[in-house]
1. List the pairs from 439/541; 426/494; 324/541; 17/313; 415/480 whose alpha-carbon separation is above 29 Å, in the order I gave them.
2. Arrange the peptides 532-544, 268-280 so that the one whose residues have, on average, the most other Cβ atoms within 10 Å appears first.
3. Let me spell out the model: positive unit charges on the Cβ of Lys and Arg, negative unit charges on the Cβ of Asp and Glu, origin at the Cα centre of the stretch 412-562. What dipole size does that give, in debye rounded to 20?
4. My understanding is that a pair violates if its Cα-Cα distance is over 24 Å; which of 69/239; 327/416; 42/270; 396/421 do that in this structure?
5. Pop out the ³J(HN,Hα) list for the stretch 451-468 in order, Karplus 6.51 cos²θ - 1.76 cosθ + 1.60 with θ = phi - 60°, rounded to Hz; leave Gly and Pro as x.
6. Collect residues whose amide H, placed 1.01 Å from N in the peptide plane, falls under 5 Å from the amide H of residue 444; neighbours closer than 5 in sequence don't count.
7. So what J values fall out for the stretch 379-392 if you push phi through Karplus, 6.51 cos²θ - 1.76 cosθ + 1.60 with θ = phi - 60°, rounded to Hz, Gly and Pro as x?
8. Taking only protein heavy atoms into account and a 1.4 Å probe, give the accessible area per residue of the stretch 10-113 in Å².
Amino acid sequence: MKFNIDKLQKNTSTKTKTTVLVIGMFFVLSLFFVYMQYATTKEFIQESQKAYEKKLNSIFEESIIRVEKFYHNRGLANLNSYGIQEALSNQDKNKLYALSKNRWKILRNENRFLKSMIFFDKDKNLLTYLGESPANNITPSNNSLFIDTSNNHLNYIITISSKNNGYLVFMIDSIYFLSEIYELANIESYIVSNDKTKPIISLKNSKGLSLTNYLTKQKNEVPKLFNLDSNIFTTHHIKINNVVSDNSFEILFFQDITSGQQRLSNTVLKSFFLISILGTIALIVMHYGFKVLIVRLEESQEELSSLNKNLEKRVEEEVALKTKKEKEAKEKERILVHQSKLASMGEMIGSIAHQWRQPLTQLSSILVFIELLYEKNKLTKEELRGSIQEAEEQIKFMSKTIDDFRNFFKPDKEKKVFSPKQSIEKSLSLISSSLENHKIKVAIDFKNEFTINGYENEFSQVILNILSNAKDILIEEKIKNPQITIKVDKYKNKSQIQICDNAGGIKLSPLEKVFEPYVSTKHASTGTGIGLYMSKNIIEKSMNGSLSVHNNEKGACFTILL
């Protein structure tokens, strides 16, 4: 029998589908909630265990510092007692023993873990001792340290030097530190070696007997967590440094974390219990809430059905309106481009007139000169040829001027690599006559030679447009000592061209309005308000650069970044 999913979906009510979806989401969120509760509790327990291990390590280190300081003072007191220094210098064993006997009894009563009080001469040879017989490998040392004695036991050695007469050494059983930890932290601890044949050092406390037996049976490293007598223990390690032995030693602590693990289990059970209650309440609310919801959904469905009838018509109207606006925008852009071309042509004709004024004057002078010679019958062939040649030179110059303007305003079809310096010089050449006539100085500062990849003619038109605007405002404002400054340099791995004038700045707020169409700061007879708008489009849309403006203390500055 083939299972038809589509048929099952059609026969399943919306209420059933929604209920299944909500239960599924509730189940996922519940699992996430339980996990977060479990993780938070576990993290808290782990942090507590780390703090506990840090506390145990601190107790051990402080015990070493305290016992070393205590016996160092006691040793100095004994060495400075009557007759000790003399007996030590003379290596008088009997006198050393007799003079130190009472102090040994006092020290022994103070600490039952003090095993020996040993005297050595200045050459570190054994003289005498009180207490247990010292092992052969015990000798005076500059530092206090642990020594693994021949009887497989770890002892702590404290050495006090006696003014070059000899040494006094105290030997303390390492169990002393286990007792300190037990008294201050109330926890059993054990000293174990990496050599499993060596016995485990412990307090021989009956409470830790099962743990001692467990350690004895362990052939490998003790696990981090283990179960023993229905309890769960975690293992803490403190490495013992300064040990004179072929083996390494460490102190092990077994913290009973049964209550913590039980807390974890209770957290999970409480979370599941809370989720069960919330789930039941949610199902009841859903059951009664669906009745109201279904009624409202039916009402909404009728409204949607009514809205859908007009939706297609509205979409068509919106699309038609958008298309109309796009056509209007394109037409507006086309008109702006056309007006910009007309403005450029007007500027070109004006520039040609400026460029032609001098050669036309020169041609007129040549014709007058020929006429004058002819009337006086002094016109020779040589004079005529020379005048004709000079006139032809002027005519060639005028023809070249027309070619330069025609090529200048011819749009580029493809991008190419060009020199901004040459483009700027070409733009300047087109208005050089006009600038000279109005005595406008141009200062050019090319700090770095570099090239630009883009449309050279369009770039030149932008430069010409900015230069023409600067020229017009300088003339309009009748500025004394008018000047245009052009700086070309690198800025943040980009080419920067900056053109500034000294006409007092642009009086618009905000300044960026100067790039909007039909916005002009010139007189109505000279400004169209299109040039800067088209210049910004060329730089930012066609060449992926930026064109900005700001006022400085002298005038306006236009900055191009490419």
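1. Numbers: 439/541 35 Å; 426/494 22 Å; 324/541 23 Å; 17/313 34 Å; 415/480 41 Å.
Long pairs (Cα-Cα over 29 Å): 439/541; 17/313; 415/480.
2. Details: 532-544: 18.6, 268-280: 12.9.
Highest mean packing first, the order is 532-544, 268-280.
3. On the way: 21 positive and 17 negative charges, 39 e Å.
Rounded to the nearest 20 debye, it is 180 debye.
4. Values: 69/239 21 Å; 327/416 32 Å; 42/270 15 Å; 396/421 26 Å.
From 69/239; 327/416; 42/270; 396/421, over 24 Å: 327/416; 396/421.
5. Couplings: 10, 10, 9, x, 9, 5, 5, 4, 4, 4, 5, 4, 4, 4, 5, 5, 5, 5 Hz.
6. When sequence neighbours closer than 5 places are left aside, the close amide H contacts are 486.
7. Per residue, the Karplus-derived 3J(HN,Hα) values read 7, 9, 4, 5, 5, 5, 4, x, 5, 4, 4, 5, 5, 4 Hz.
8. Numbers: 7240 Å² over 104 residues.
On a per-residue basis, the stretch 10-113 sits at 70 Å².
The values are calculated or read from the model by the stated rules, or taken from the named source; none is laboratory data. Owing to the predicted nature of the structure, the values given are computational and were not obtained by experimental measurement. Don't worry about glycine lacking a Cβ; one is built from the backbone with ideal geometry, like all the others, and counts go over all protein chains shown. Remember, those area values only see protein heavy atoms, side chains included, never the ligands or the DNA or RNA. Shrake-Rupley method; radii C 1.70, N 1.55, O 1.52, S 1.80 Å.
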